[in-house]
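See below for the structure under consideration.
The values are calculated or read from the model by the stated rules, or taken from the named source; none is laboratory data. Note that the structure is a prediction, hence the values are computed from the model and not measured. Here Cβ is always computed from backbone atoms with ideal geometry, including for glycine, and neighbour counts include all displayed protein chains. Quick note on the areas: whole protein, heavy atoms, side chains included, nothing else; ligands and nucleic acids left out. Shrake-Rupley method; radii C 1.70, N 1.55, O 1.52, S 1.80 Å.
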Amino acid sequence: MKKYLNIYKVTLINELQYISDIILGFLSFVVMIFIFLNLWNYMYDDPSSLIEGFSKSQMIWYVIITEMIWFGTRNKTLINQITDDIKSGSIAYTLNKPYSYAIYVIVKNFGEITIKFLFYLILAIAVGLIFVGPIDFNMSNILMLIPVFLLSFIINACIRIIISMLSFYVEDAAPFHWLYDKIILVIGTVFPIELFPKFLQPILKFTPIYVVNYGPSKLVIDFSMNSFFTILMAQILYLIFVIILLSLIYRKGVKKLNVNGD
Amino acid sequence: MLMEIKKELKFMLLNVKYNLAREMTNKITFLTNIIFMILNNASFIVEWIIFYSLKNNIGGYNFKDIILLWAIASGTYAICYIFFGAIQDLPKLIMDGKIDSFLVQPKNVLISILSSKTKVSALGDLIYGYVLIFIYGINIKNIILFTLFIITGGIVIASIAVIFSSLAFYITKADTITSSITSTMLNFDTYPDGIFKGIIKILFYTILPIGFSSYIPLHIIKSFNIVNFLIVIGYTILVVLIAFYIFYRGLKRYSSGNLMSARI
């Protein structure tokens, strides 16, 4: 466990050098929020009306939170590094190391996104308060939101690693990442599941959208103990499922690995 | 002058042809990139179906107009990254001093760099754009105008990216600035301009010129207007000239990274 903590610490310290890159990336986040702010302002003719039970400020805060998760946790390590390690064969060097490659990547990812996420969290709160105003939020809920957000990040990282490990089978896993991106970004960040047609809603609850985006964001804008336990339970089950899938793909994939000596 | 432009265009097309031939060596990856890009773009339809289930008219656009907007956006992006695919690498090449091999070629340096790479997935964008224009309404006028406007739009996006990339001759972080500007343009131009108000509309016709690459072309395809048509053509020529001027001015400050490499 200590070795993983050290990997986390080293990566975190290393990331402190790239704070200016994080700040320059704020532009895209602010642009997306600005677009949806305008769009939802247009969609709500009457600011006091409700769409599927959501007020205008709840809807915009939902987008702010989902976009914050998207921008704050997006990391090239999960997308490019694993694919490059597999394609170049350098993943072979990790096979005889005293750590699990998958856990190493997850810990490294957390080291890389910690500062970035905290910056986006501050920016998201600032943007929300300035452009939308405060929403009904009980500060004591923060303790319950922390595990939900952490599980969301871990599940997302595991799914990314699974997709990247498809490089064991196809040369380029990037197209599969695009599809996952769009599922999360288009279907998951723009509006809550309640806005989808009734017949689609139960299906969407089995997709990563529910545990990665919708769950944490919904709890921020409309918290209830009932939805907290439902979302937490879904996340735990999803995590078990992705861990089993990840270990299966990794074990099978490593056997297919061909390394050319250099 | 015209002969020179013709020669450079021929050279650019040859570059694209060889780029594609190189990418096609792995046919499965080549096809996967194209097919998944089409599916990737199609996912946005879901978003708009839901928005239009809430309201029939969004920012003056009906659902058919959104189809046309998406056709133009994906088409312009496709032209930009098929013919000028190395645009995303330009700031890094300048910063790392890696454009030596282009400087010694007896061809235009900027065109040589930009056309040295083709993004295969952009072919998926191009196919998607034409599929959408067929859905929007197929007739000779629409096809000709659409083809012309995705070319002018692609050139406008590439030129703006060159202008911002040229900052790399003077400052670091130009790569982050350029990618932020191009992704911002891409994010805006898939939403109706009618939902935006005030100062942001000025940006659409200045530093984020998606007004010229997407919005005016959309209105021309819907209802032809010769003045707007000439404005789009004139603006495209102007922005190309500015991009060349700024790039070559910056090039005087270029210093090599002294990296020995061969372009194969």
Q) Considering only residues of the range B:182-238 that are more than 17 Å from B:F149 (Cβ to Cβ) and of a type in the set (V, I, T), which is most open to solvent (accessible area, probe 1.4 Å)? A) B:I199
Q. Does A:L118 satisfy the criteria of being surrounded by fewer than 16 Cβ atoms within 10 Å (Cβ to Cβ) and closer than 22 Å to A:L12 by Cβ?
A. yes
**Q.** Qualifying positions in the range A:43-59 - closer than 22 Å to B:F196 by Cβ and open to solvent by 50 Å² or more (accessible area, probe 1.4 Å)
**A.** A:D45, A:D46, A:P47
Q: Give just the number: which of (1) within 14 Å of chain A (Cβ to nearest Cβ); (2) within 22 Å of B:Y254 (Cβ to Cβ); (3) open to solvent by less than 60 Å² (accessible area, probe 1.4 Å) does B:M95 not satisfy?
A: (3)
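Give the residue that is farthest from the other protein chains (Cβ to nearest Cβ), with candidates limited to residues of the range B:165-176 that are touching a residue at least 24 places away in the same chain (Cβ under 8 Å) and open to solvent by 30 Å² or more (accessible area, probe 1.4 Å).
Filtering the range B:165-176 for residues touching a residue at least 24 places away in the same chain (Cβ under 8 Å) gives B:165-170, B:172, B:174-175.
Among the residues that remain, those that are also open to solvent by 30 Å² or more (accessible area, probe 1.4 Å) are: B:167, B:170, B:172, B:175.
Working: B:L167: 12, B:Y170: 16, B:T172: 9, B:D175: 10 Å.
Of everything passing the filter in the range B:165-176, B:Y170 is farthest from the other protein chains (Cβ to nearest Cβ).
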Q: Kindly indicate the residue of the range A:183-203 that is closer than 16 Å to A:T66 by Cα and more than 9 Å from every other protein chain (Cβ to nearest Cβ) and also farthest from the chain's Cα centre (by Cα) among those meeting that condition.
A: A:E194
Q | Condition check for A:G72: buried (at least 21 other Cβ atoms within 10 Å of the Cβ) and of a type outside the set (D, E) | A | yes
Q: Check A:Y180 against each of (1) closer than 29 Å to B:I28 by Cβ; (2) in contact with a Phe, Trp or Tyr (Cβ under 9 Å, 6 or more places away or on another chain); (3) of a type in the set (F, W, Y); (4) within 11 Å of chain B (Cβ to nearest Cβ) and name the one condition it does not meet.
A: (2)
(Q) Go through (1) small (G, A, S); (2) under 17 Å from A:Y42 (Cα atoms); (3) free of Cβ contacts under 8 Å to residues at least 12 places away in the same chain for B:G60 and report which single condition fails. (A) (3)
Q) Hey, any hits in the range B:48-57 for a residue that's buried (at least 17 other Cβ atoms within 10 Å of the Cβ) and touching a residue at least 60 places away in the same chain (Cβ under 8 Å)? A) no
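Taking A:I103 as the residue in question, decide whether it is assigned to a helix (DSSP H, G or I) and open to solvent by less than 20 Å² (accessible area, probe 1.4 Å).
On the way: assigned to a helix (DSSP H, G or I): yes; open to solvent by less than 20 Å² (accessible area, probe 1.4 Å): no.
In short, no.
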**Q.** Any pair with Cβ under 9 angstrom, 6 or more apart, that starts in the range A:33-53 at a residue that is farther than 22 Å from A:G188 by Cβ and ends at one that is open to solvent by 50 Å² or more (accessible area, probe 1.4 Å)
**A.** A:P47/A:N41
(Q) Of the conditions (1) surrounded by fewer than 17 Cβ atoms within 10 Å (Cβ to Cβ); (2) under 18 Å from the mean Cα position of the chain (by Cα), A:Y62 satisfies every one except a single condition; which number is it? (A) (1)
Q: Return yes when A:Y8 is open to solvent by 20 Å² or more (accessible area, probe 1.4 Å) and not polar (S, T, N, Q) and no when it is not.
A: yes
Q. Which ones in the range B:21-41 are within 18 Å of the chain's Cα centre (by Cα) and either open to solvent by 30 Å² or more (accessible area, probe 1.4 Å) or of a type in the set (A, V, I, L, M, F, W, C) (or both)?
A. B:I34, B:M37, B:I38
Q: Go through the residues of the range B:102-117 one by one and say whether even a single one is out of contact with any strand residue (DSSP E or B) (no Cβ under 7 Å at 6 or more places or on another chain) and within 14 Å of chain A (Cβ to nearest Cβ).
A: no
